[in-house]
1. Being touching a residue at least 12 places away in the same chain (Cβ under 8 Å) and closer than 19 Å to Ile304 by Cβ: is that true of Gln265 here?
2. Identify, please: which residue in the stretch 316-340 is part of a loop (DSSP other than H, G, I, E, B) and among the aliphatic types (A, V, I, L, M) and is, among those, surrounded by the fewest Cβ atoms within 10 Å (Cβ to Cβ)?
3. Condition check: open to solvent by less than 40 Å² (accessible area, probe 1.4 Å), over 24 Å from Asn284 (Cα atoms), among the hydrophobic types (A, V, I, L, M, F, W, C) and touching a residue at least 60 places away in the same chain (Cβ under 8 Å). Does Trp374 satisfy that?
4. For the stretch 287-315, how many residues are in a loop (DSSP other than H, G, I, E, B) and within 16 Å of Asn237 (Cβ to Cβ)?
5. Do we find that Cys436 is surrounded by 11 or more Cβ atoms within 10 Å (Cβ to Cβ), outside any helix (DSSP H, G or I) and modelled with pLDDT of 95 or more in this structure?
6. Mind counting the residues in the stretch 370-404 that are under 13 Å from Ile359 (Cβ atoms), in a helix (DSSP H, G or I) and within 22 Å of the chain's Cα centre (by Cα)?
7. So for the stretch 165-181 (the condition being open to solvent by 20 Å² or more (accessible area, probe 1.4 Å) and either modelled with pLDDT of 95 or more or not in a loop (DSSP other than H, G, I, E, B) (or both)), does at least one residue qualify?
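The values are calculated or read from the model by the stated rules, or taken from the named source; none is laboratory data. Quantities reported herein were computed from a predicted structural model and do not represent experimental measurements. Using ideal geometry, Cβ is built from the backbone for each residue, glycine included, and neighbour counts are taken over all protein chains shown. Side chains included, ligands, DNA and RNA excluded: accessible areas come from the protein's heavy atoms. Shrake-Rupley method; radii C 1.70, N 1.55, O 1.52, S 1.80 Å.
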Amino acid sequence: MEILLTFIIEIISKNHVSVVTGSTNMNLILCICLMGIVSSTAAQTRVKCFDNNKGRDKTGIILDCSNMAGKSHPYSIEDWIRYHAFYDDGILANRVLHINLENNNLKKIFALPPMTSLKKLSFKYNNISAIAHKALTNLPALEELDISYNSLSSHELRESVYRSYQRPNVPATNDEPALRVLKLGYNNIHSLPPNFFQYLTKLEMLELNNNPLLVIDQNTEISLGYLTNLQVLDLANTGISDFPTDAFSQLFNVQTLYLNGNQFQNIPKEIRNMPLAYLNMNANPISNLDSESFVGLDQLQELIVSGMPNLTDVGCGTFAPLKKLITLHMSHNPSLSNIHYDAFVDNTSQQWSLRQLSISYTNISSLDSKLYPWSMLDLFDAKGNQWTCDCSLSWFASYINETFSEMPEKLLYYRCNEPKILYATLVSQLNEHIDCDDYLHVSNNHSHGHVTRLRHFIIVIGLVIGIFVFGTLINMGCREMKKVLKPSIYVPSGFSTGVKYRPADFEEDTDTLEVPAKTTTINGRSPIVINNTD
């Protein structure tokens, strides 16, 4: 532009006389140059930041002022926003719905002009560390504000940013802000001011992910307590390891919770009062899940417990409390080697609501056919595991053949790791390599361990009781028979019980067996024994 202007000035200075005298050629050159200047300036003022639909969209205007950093333009972004707010080719500010200010290397959020229809505003991917006083107070219809990926600190989160100061004893002149979505992720926030959300009671979604919170301190706890209508809370990658006991006592409507990338060693009990439908616990140092892990989360529909380097065991009844669970992700857990065959049931209940199961890339080498009614799944993914191919996995070979019959390429991800003779063999071809006709195993008939164990227990107890009763009856019968077959022999007192035995004539000669009589006396004298001899 500067070169063009210099060139025009030189021409005018050299041909000043011709211009004055009305030279036709010179006038034509000047007209062309002036048209070029006007068209170039118009292009800069329209292209750099203008409504995508050029004001012709009946539903509203989207001002795209993104990616302007380092580029030459005649106005500042702030001035350009003000221009569109009031003029915009005759279109007033009540037509602007969305302003995109992303990636402009802005340092501060400036005070925006009155725009009664603006609903969405994004300052994403800047270098913002400050917010101007009353920056958003002129945007009564603003519903979504994105200030993520900046350098905001806690002390910049002030109530005055979105709400004008009200003098004491003077009724408020403005209604509560309409803000429903606030994205503050990827900043430098350590804590939330206690009153920051006091008037943001309509807020439904709050993103605080990737901020160095480390703990939910008292101020943050008080601040979150105002968000009684909150439905989505993102606390991912904030370094939190536990929650205060009553941290979420007022969050009765949160349905979606992100806690991934933190330091939890157990599923926190403090989230049980939330009616959660979605829970993400990815990448936490949890080592095992058991029947107490998900108690109280009976509304949960989708659970993600993937990317856990320490998770080794999923115990009996772990998922039994999740009566509405539809989707379960347990992939990329390199230490997970055991899923109990009763992980979805307990002694009192069972739930078969699950329709999508992902357990890929773990240390699992086998799956029990009784773990789940597999035919009820709409989506199954267990690729990348190190399978031990024996007869206990025969059912699995049949199952994946049927499941991936229309997508046979997926069978390539299921290969044997052991035994060595079957290394790298497709699991789907297992039954072609081994004979499992004589292998006694429970087929996939939806009969599960707790039912079988209960049946066996009843049978054993019945046998023990039967044997006890039968033995008692036999013992009583034997005693009665002894009384009948062996009557008592009465021996009067004073008589010897000694018995002499003399062999019969037809018996062989043997020594006479004689039982000595008990020594007795009669009137102080020894009795006279008469030996009769033949």
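1. Values: touching a residue at least 12 places away in the same chain (Cβ under 8 Å): yes; closer than 19 Å to Ile304 by Cβ: yes.
Yes.
2. Per the stated criteria, the residue is Ile326.
3. Against the criterion (open to solvent by less than 40 Å² (accessible area, probe 1.4 Å), over 24 Å from Asn284 (Cα atoms), among the hydrophobic types (A, V, I, L, M, F, W, C) and touching a residue at least 60 places away in the same chain (Cβ under 8 Å)), Trp374 qualifies.
4. Qualifying residue count, the stretch 287-315: 4.
5. no
6. Residues in the stretch 370-404 being under 13 Å from Ile359 (Cβ atoms), in a helix (DSSP H, G or I) and within 22 Å of the chain's Cα centre (by Cα): 1 in total.
7. Yes; the residues of the stretch 165-181 include at least one that is open to solvent by 20 Å² or more (accessible area, probe 1.4 Å) and either modelled with pLDDT of 95 or more or not in a loop (DSSP other than H, G, I, E, B) (or both).
One line per residue, one yes/no per condition, for (1) open to solvent by less than 50 Å² (accessible area, probe 1.4 Å); (2) under 16 Å from Leu157 (Cβ atoms):
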site	(1), (2)
Asn209	yes, yes
Ile222	no, yes
Ile240	yes, no
Phe252	no, no
Leu259	yes, no
Met274	yes, no
Pro285	yes, no
Asn288	no, no
Ser293	yes, no
